[in-house]
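> Provided herewith is a single structure, encoded as structure tokens, for subsequent inquiry.
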Amino acid sequence: MVQTRRSTAVAASIPLTLPHFHPESSKRRRTALADESDNGACETRTKTKDKPLTEDFPVRVSGSWKIGAHVSAAGGVENAVRNAAMVGANAFALFVKSQRKWDSAPLSAESVDAFKRRMQEFGYSPKHVLPHGSYLVNLGNPDGEKRQKSFNCFLDDLQRCEQLGLELYNFHPGSTVGQATKEESIALIAECINNAHKLTKYITIVIENMAGSGNVIGSQFSELKEIINHVENKTRVGVCLDTCHAFAAVRASFSVSQTFHRDFRDTTSRQKLDGISAFDTEVGLSYLKGLHLNDSKAALGGHLGISTFRHIVSDPRTQDIPLILETPTFEATEIWTKEISALNRLSLVDDSEVLETELSLVNEITSLVRSHAAKKTEKASRTEKASKTEGVSKTRTRKRNTTEDQDYDSDCA
């Protein structure tokens, strides 16, 4: 919301209005959660036992907007449910396996059962869970062998989702890698979706809009629509709109994306979120299955700002779908707890209270993020200093040992 995607990088200074950390590369995200859902690793770890529901979980707001975050599934997918509850989320995203490996061990029956049980215990609906796909997958690659490898990974994710009883699966559509036209790659992506539908039962495949760099597909609503046009079963395909991607896409396009960007930031317009209207016109609101709530690192005529997100969580067209934060927590769950609480508060305030509430929330969250960012920087600095000291010590030891060896060899000669 008020930050950007999950990243361990800390800005030298954080603006008072909103802290921004969003890198533009699609692979930069969630570095703090790298390989967290590697189920191969999960099988060798101590198995997590269900604890009685007596822990101090934040009160979850019962509202029409289902707000949450991309939580860790480290130690087993079932832990994602508890982690979502720990930050007061009404929706959540997760990786159902390692996002950085082609192959992972199968989900254990124990993890699957625990996940489903916890979903019921904590009162989460499958339609408010938005799993995220592997960063390795490129269904638009014209190289048949490489595309098949991507498809196998993609299909495995989908089948895992169905094992867990989930209904949605979000992925990045892919790239031409400079070896095909966009039209050709779009057709290949749709073909993979059609094949995946035939090999799964009910999962809805959700395409994420992209920022528009290089050969990447999906920055234009028209590209998303073209993929959907090629999909045979349109009841099982949808779109997740990423606010930062839409904002960044302005650099690559000044058509629909510009409207989307401008109206996201228009705090005075009575036509709230007209970018959603543009999406409805070009793609269709029935295909909107979720949103990623992220601001941008780099300013482009400004940042999205907290007012943008207030519009999102007060627009009836974004009700009852997962609204997912992908912001950095600096390994402090209180940040997500605060951001989710803030968004819930913004969804409930009257227009007359908006400005005062927004300023208060910005100050609260900025202060919290500043504190944890500073701590992380200090910790990193200490680690780096210790590493350098250790390196010098080892170098001196190696030199001393070498000298001693030379002396010994000389004596033996």
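> Go through 180, 190 for me and flag whichever is in contact (Cβ under 8 Å) with a residue 40 or more places away in the chain, among the aliphatic types (A, V, I, L, M) and touching a His at 6+ places or on another chain (Cβ under 8 Å). Can you show your working first?
Details: 180 fails: touching a His at 6+ places or on another chain (Cβ under 8 Å).
Result of the check over 180, 190: 190.
> So in the stretch 163-182, with the set limited to residues that are in a loop (DSSP other than H, G, I, E, B) and more than 22 Å from the chain's Cα centre (by Cα), which one is surrounded by the fewest Cβ atoms within 10 Å (Cβ to Cβ)? Reasoning before the result, please.
Keep residues of the stretch 163-182 that are in a loop (DSSP other than H, G, I, E, B), which gives 164-167, 172-174, 176-181.
Narrowing the set further to residues that are more than 22 Å from the chain's Cα centre (by Cα) leaves 176-181.
Working: 176: 21, 177: 16, 178: 8, 179: 13, 180: 18, 181: 10.
For the stretch 163-182, the residue satisfying everything is 178.
> For the stretch 205-212, indicate whether the set of residues that are within 27 Å of residue 127 (Cα to Cα) and either assigned to a helix (DSSP H, G or I) or modelled with pLDDT under 75 (or both) is non-empty.
Among the residues of the stretch 205-212, not one is within 27 Å of residue 127 (Cα to Cα) and either assigned to a helix (DSSP H, G or I) or modelled with pLDDT under 75 (or both), which makes the answer no.
> Can you work out which of the residues in the stretch 255-310 that are modelled with pLDDT of 85 or more, assigned to a helix (DSSP H, G or I) and in contact with a Phe, Trp or Tyr (Cβ under 8 Å, 6 or more places away or on another chain) is farthest from residue 346 (Cα to Cα)?
It comes out as 282.
> Then there's this: Take the stretch 72-105 and flag every residue that is within 15 Å of residue 290 (Cβ to Cβ) and either without any contact (Cβ under 8 Å) to a residue 24 or more places away in the chain or not hydrophobic (A, V, I, L, M, F, W, C) (or both). Don't jump to the end; show me each part of the working.
Start the filter on the stretch 72-105 by keeping residues that are within 15 Å of residue 290 (Cβ to Cβ), which leaves 84, 89-94.
Answer for the stretch 72-105, where residues must be within 15 Å of residue 290 (Cβ to Cβ) and either without any contact (Cβ under 8 Å) to a residue 24 or more places away in the chain or not hydrophobic (A, V, I, L, M, F, W, C) (or both): just 90.
> When you look at residue 157, is it under 26 Å from residue 325 (Cβ atoms), at pLDDT below 95 and under 18 Å from the mean Cα position of the chain (by Cα), yes or no? Don't jump to the end; show me each part of the working.
Working: under 26 Å from residue 325 (Cβ atoms): yes; at pLDDT below 95: no; under 18 Å from the mean Cα position of the chain (by Cα): yes.
Answer is no for this residue.
> Go through (1) touching a Gly at 6+ places or on another chain (Cβ under 9 Å); (2) closer than 19 Å to residue 199 by Cβ and name the single condition residue 92 misses.
(2)
> Right, here's the next one. Kindly evaluate residue 146 against the criterion of being closer than 17 Å to residue 76 by Cα, at pLDDT 95 or above and surrounded by fewer than 22 Cβ atoms within 10 Å (Cβ to Cβ).
Details: closer than 17 Å to residue 76 by Cα: no; at pLDDT 95 or above: yes; surrounded by fewer than 22 Cβ atoms within 10 Å (Cβ to Cβ): yes.
Judged against the criteria, residue 146 is not a match.
> Could we say that residue 228 is in a helix (DSSP H, G or I), in contact (Cβ under 8 Å) with a residue 24 or more places away in the chain and either more than 21 Å from the chain's Cα centre (by Cα) or closer than 20 Å to residue 93 by Cα (or both) here? Steps first, answer last, please.
Numbers: in a helix (DSSP H, G or I): yes; in contact (Cβ under 8 Å) with a residue 24 or more places away in the chain: yes; either more than 21 Å from the chain's Cα centre (by Cα) or closer than 20 Å to residue 93 by Cα (or both): yes.
Considered against the rule, which asks whether it is in a helix (DSSP H, G or I), in contact (Cβ under 8 Å) with a residue 24 or more places away in the chain and either more than 21 Å from the chain's Cα centre (by Cα) or closer than 20 Å to residue 93 by Cα (or both), residue 228 comes out as yes.
> Something else about it: If a residue must be under 17 Å from the mean Cα position of the chain (by Cα), outside any loop (DSSP other than H, G, I, E, B) and more than 22 Å from residue 154 (Cα to Cα), how many such residues does the stretch 83-129 contain?
3
> Test residue 189 against the stated conditions and say whether it is buried (at least 17 other Cβ atoms within 10 Å of the Cβ) and within 17 Å of residue 135 (Cβ to Cβ). Reasoning before the result, please.
Values: buried (at least 17 other Cβ atoms within 10 Å of the Cβ): yes; within 17 Å of residue 135 (Cβ to Cβ): yes.
The answer is yes for residue 189.
> Output the residues belonging to the stretch 39-88 that are of a type in the set (Lys, Arg) and at pLDDT below 95. I'd like the intermediate steps shown before the answer.
Initial filter on the stretch 39-88 (of a type in the set (Lys, Arg)): 45, 47, 49, 51, 60, 66, 82.
45, 47, 49, 51, 60, listed by residue number.
> Applying the selection to the stretch 321-368, what residues are closer than 30 Å to residue 276 by Cα, modelled with pLDDT of 70 or more, within 23 Å of the chain's Cα centre (by Cα) and hydrophobic (A, V, I, L, M, F, W, C)?
Those that are closer than 30 Å to residue 276 by Cα, modelled with pLDDT of 70 or more, within 23 Å of the chain's Cα centre (by Cα) and hydrophobic (A, V, I, L, M, F, W, C): 321, 323, 324, 325, 335, 336, 340, 342, 343, 346.
> Just to be sure before I move on: is residue 92 surrounded by 24 or more Cβ atoms within 10 Å (Cβ to Cβ), over 30 Å from residue 180 (Cα atoms) and modelled with pLDDT of 95 or more in the structure I sent?
yes
> Quick test for you: out of 97, 101, 116, pick the one residue that is surrounded by fewer than 18 Cβ atoms within 10 Å (Cβ to Cβ) and either under 26 Å from residue 342 (Cα atoms) or modelled with pLDDT of 95 or more (or both).
Values: 97 fails: surrounded by fewer than 18 Cβ atoms within 10 Å (Cβ to Cβ); 101 fails: either under 26 Å from residue 342 (Cα atoms) or modelled with pLDDT of 95 or more (or both).
Step by step, each of 97, 101, 116 is checked, and only 116 is surrounded by fewer than 18 Cβ atoms within 10 Å (Cβ to Cβ) and either under 26 Å from residue 342 (Cα atoms) or modelled with pLDDT of 95 or more (or both).
> Out of the residues in the stretch 56-82 that are of a type in the set (Gly, Ala, Ser) and assigned to a loop (DSSP other than H, G, I, E, B), which is surrounded by the most Cβ atoms within 10 Å (Cβ to Cβ)?
At the first step, the residues of the stretch 56-82 found to be of a type in the set (Gly, Ala, Ser) are 62-64, 68-69, 72-76, 80.
Add one more test, that the residue is assigned to a loop (DSSP other than H, G, I, E, B), and what stays is 62-64, 72-76.
On the way: 62: 8, 63: 14, 64: 12, 72: 20, 73: 28, 74: 19, 75: 18, 76: 22.
My answer is 73.
The values are calculated or read from the model by the stated rules, or taken from the named source; none is laboratory data. Everything quoted here is computed from the prediction, not taken from an experiment. Here the Cβ is made from the backbone with ideal geometry for all residues, glycine too, and neighbour counts use every protein chain on show.
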